[in-house]
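> One structure coming up, written as structure tokens, with questions to follow.
The values are calculated or read from the model by the stated rules, or taken from the named source; none is laboratory data. Given the structure is predicted, the values throughout are model-derived calculations rather than measurements. Reconstructed Cβ throughout: ideal geometry from the backbone, glycine too, with neighbour counts over all protein chains shown. These area figures cover heavy atoms from the full protein model, side chains too; ligands, DNA and RNA do not enter into them. Shrake-Rupley method; radii C 1.70, N 1.55, O 1.52, S 1.80 Å.
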Amino acid sequence: FANIGEMFSFEGGVGAWYEATKEEFIAAGAKSPGFMDIIFSNPPYVDAEDMAQLPDEYINEPELGLTGGNDGLDLVAIILAEAANHLTDNGLLIVEVGNSFAALERCYPQVSFLWPEFESGGFGIFILDAPTLRIHQQMFIQAAILMVAFVAGLLVYDYIQKKKAEKAALLIPTGAPV
């Protein structure tokens with residue numbers, strides 16, 4: 001944490017709260033790639049099956065903050081592909097993936113994810129160190145590219161279907177049965 005404080009001329013010291021802007025992090029990363037000791041992330045990771053069965057208390061939550069795509073790993077794949085570029089040599093990536101842990105293990109069986117056990121319960125948080133991320137970085141990048149291409153294809157498909165429906169609606173005469 002002192003490393004981050006030095007990057008931003010932060011005088012609050014270790015343990016003090018500091019909220020950097022996106023621009024500050026980009027500028028710091030450009031000056032010194034691999035400057036973070038720890039990256040914590042709690043990205044949207046709820047898979048499509050769980051999204052369809054969410055308890056009522058989640059109804060008012062924005063979907064964008066919960067859904068992680070079909071397998072829950074859309075953003076996790078990007079984080080895995082990029083994390084090694086931002087961590088120090090001894091850095092750690094800690095990410096919550098909840099129920100999507102099973103999909104993560106299926107997607108990357110050759111990666112030794114560390115799954116800590118918690119005294120008060122809970123699961124679905126993994127830890128990877130920077131050397132492990134670097135060893136598997138090309139695989140993570142390829143997976144992220146495939147995921148982005150798949151999502152882009154779905155968006156294009158949805159757009160085409162919407163345009164077809166709009167065009168069909170224009171062709172139906174007023175009063176005609178639908």
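> Of a type outside the set (D, E, K, R) and on the phi > 0 side of the Ramachandran plot, is that true of Gly153? Talk me through it step by step, then tell me what you get.
Working: of a type outside the set (D, E, K, R): yes; on the phi > 0 side of the Ramachandran plot: no.
No, not satisfied.
> Of the conditions (1) in a helix (DSSP H, G or I); (2) within 26 Å of Val46 (Cα to Cα); (3) β-branched (Val, Ile, Thr), Ile160 satisfies every one except a single condition; which number is it?
Looking at each condition in turn, Ile160 falls short on (2).
> Need the failing condition index for Glu105 against (1) open to solvent by 70 Å² or more (accessible area, probe 1.4 Å); (2) among the charged types (D, E, K, R); (3) under 16 Å from Asn42 (Cα atoms), just the number.
So Glu105 meets the others, but not (3).
> If you check Arg134 against the conditions, is it in contact with a strand residue (DSSP E or B) (Cβ under 9 Å, 6 or more places away or on another chain) and charged (D, E, K, R)?
Numbers: in contact with a strand residue (DSSP E or B) (Cβ under 9 Å, 6 or more places away or on another chain): yes; charged (D, E, K, R): yes.
For Arg134, the condition - in contact with a strand residue (DSSP E or B) (Cβ under 9 Å, 6 or more places away or on another chain) and charged (D, E, K, R) - is met.
> Here is a follow-up. Let me confirm something: among Gly124, Gly91, which residue is in contact with a strand residue (DSSP E or B) (Cβ under 7 Å, 6 or more places away or on another chain) and buried (at least 18 other Cβ atoms within 10 Å of the Cβ)? Please lay out each step first, then the result.
Details: Gly124 fails: buried (at least 18 other Cβ atoms within 10 Å of the Cβ).
Exactly one of Gly124, Gly91 is in contact with a strand residue (DSSP E or B) (Cβ under 7 Å, 6 or more places away or on another chain) and buried (at least 18 other Cβ atoms within 10 Å of the Cβ), namely Gly91.
> From the list Ile135, Ile145, exactly one residue is open to solvent by 70 Å² or more (accessible area, probe 1.4 Å) and over 21 Å from Ile38 (Cα atoms). Which is it?
On the way: Ile135 fails: over 21 Å from Ile38 (Cα atoms).
Matching residue, one of Ile135, Ile145: Ile145.
> Being over 18 Å from Leu146 (Cβ atoms), of a type in the set (A, V, I, L, M) and open to solvent by 60 Å² or more (accessible area, probe 1.4 Å) is the filter here; which residues of the stretch 64-88 pass it?
Passing the criteria: only Leu64.
> Hey, can you tell me all the residues within the stretch 26-58 that are modelled with pLDDT of 75 or more, open to solvent by 80 Å² or more (accessible area, probe 1.4 Å) and of a type outside the set (S, T, N, Q)? Walk me through how you get there before you give the answer.
In the first step, residues of the stretch 26-58 are kept if they are modelled with pLDDT of 75 or more; the result is 35-58.
Subsequent filtering for residues that are open to solvent by 80 Å² or more (accessible area, probe 1.4 Å) retains 40, 42, 49, 52-53, 56-58.
Selection gives Phe40, Glu49, Ala52, Asp56, Glu57, Tyr58.
> For Glu61, are the conditions met, namely being open to solvent by 70 Å² or more (accessible area, probe 1.4 Å) and not in a loop (DSSP other than H, G, I, E, B)?
Working: open to solvent by 70 Å² or more (accessible area, probe 1.4 Å): yes; not in a loop (DSSP other than H, G, I, E, B): no.
Considered against the rule, which asks whether it is open to solvent by 70 Å² or more (accessible area, probe 1.4 Å) and not in a loop (DSSP other than H, G, I, E, B), Glu61 comes out as no.
> In the stretch 72-127, which residues are among the hydrophobic types (A, V, I, L, M, F, W, C) and part of a loop (DSSP other than H, G, I, E, B)?
The answer is Leu73, Ala84, Val97, Val111, Phe113, Trp115, Phe118, Phe123.
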